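One structure is given below, encoded as structure tokens.
Every read-out reported here was derived from the displayed coordinates using simple, explicitly stated rules and does not represent laboratory data. Note that this is a predicted model, so its numbers are computed, not measured. We place every Cβ from the backbone using ideal geometry, glycine too, and count neighbours over all the protein chains shown.
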Amino acid sequence: MPDAADDAARLVRKAQKGDRSAFGRLYHRYAGMVHAIALSSLPSDEIADAVQETFLRALRRLRTLRQAEAFGGWISSIARNVVRDVARRRSLLRQEDDEPLQQATQEQEIEANAALRVIESLPKAYRSTVTLRVVQGMTGPEIADRTGLSAGSVRVNLHRGMRLLRERLEAAVQKQHSRA
């Protein structure tokens with residue numbers, strides 16, 4: 001039975017050949033992670049647009065992805081770039097606009113804290129690498145330099161940690177939707 005990484009790689013290869021339903025399944029699998037990345041830096045009213053923009057960019061560039069197994073890291077990088085672009089745009093608009101931006105609502109703070117709690121609940125070996133990747137936006141080699149781990153260990157920890165993070169975020173979202 002193939003594991004989740006093999007299944008994702010198979011979906012990526014199908015999507016690269018034009019299978020839209022395979023890309024849709026990738027969306028459903030990785031949307032929670034992309035949402036968490038956006039949640040770390042953006043107000044809640046901009047998160048849905050950032051997630052959509054991330055997957056739109058990924059779809060446009062999917063044929064350039066050489067290693068289908070690297071989709072998770074690749075989509076994470078795209079998401080971080082989208083978040084940076086949105087934040088940069090907001091900063092420029094803020095400079096042009098004299099009105100201060102609204103403070104985060106209590107709901108937004110609760111969502112952000114919940115996402116951080118999920119990250120903090122990861123096993124220690126995964127927590128530090130995932131935090132450096134998702135929250136700080138560091139690359140694998142940067143994480144290896146910062147932590148003293150080998151590049152291979154960082155890759156393994158990121159792969160396992162991101163998979164666990166995705167599972168826990170999806171479970172939290174499902175739990176929240178079942179309450180509503």
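Looking only at the range 6-22, count every residue that is of a type in the set (A, V, I, L, M) and either surrounded by 20 or more Cβ atoms within 10 Å (Cβ to Cβ) or out of contact with any helix residue (DSSP H, G or I) (no Cβ under 6 Å at 6 or more places or on another chain) (or both) and tell me the total.
Step one: of the range 6-22, the residues of a type in the set (A, V, I, L, M) are 8-9, 11-12, 15, 22.
Right, trim to either surrounded by 20 or more Cβ atoms within 10 Å (Cβ to Cβ) or out of contact with any helix residue (DSSP H, G or I) (no Cβ under 6 Å at 6 or more places or on another chain) (or both) and you get 8, 11-12, 15.
Final tally of qualifying residues: 4.
Would you check which residues across the range 159-180 are free of Cβ contacts under 8 Å to residues at least 12 places away in the same chain and either closer than 20 Å to A70 by Cα or of a type outside the set (S, T, Y) (or both) and list them? It would help to see each step written out before you state the result.
Just the residues of the range 159-180 that are free of Cβ contacts under 8 Å to residues at least 12 places away in the same chain, to begin with: 167, 171, 174-180.
Passing the criteria: E167, A171, Q174, K175, Q176, H177, R179, A180.
If you scan the range 29-66, which residues turn out to be more than 26 Å from E107 (Cβ to Cβ), in contact (Cβ under 8 Å) with a residue 12 or more places away in the chain and not in a helix (DSSP H, G or I)?
If the condition is that a residue be more than 26 Å from E107 (Cβ to Cβ), in contact (Cβ under 8 Å) with a residue 12 or more places away in the chain and not in a helix (DSSP H, G or I), then L65 is the only one that fits.
Could you check the range 28-39 and list, in sequence order, the residues that are crowded, with 19+ Cβ neighbours inside 10 Å and not aliphatic (A, V, I, L, M)?
Once the filter is applied, which keeps residues that are crowded, with 19+ Cβ neighbours inside 10 Å and not aliphatic (A, V, I, L, M), the range 28-39 yields Y30, G32, H35.
Here are the criteria: (1) over 20 Å from L116 (Cα atoms); (2) buried (at least 20 other Cβ atoms within 10 Å of the Cβ). Tell me which single one R25 does not satisfy.
(2)
Give V51, V83 a once-over and let me know the one that is among the β-branched types (V, I, T) and in contact with a His (Cβ under 8 Å, 6 or more places away or on another chain).
Unique residue meeting the criteria: V51.
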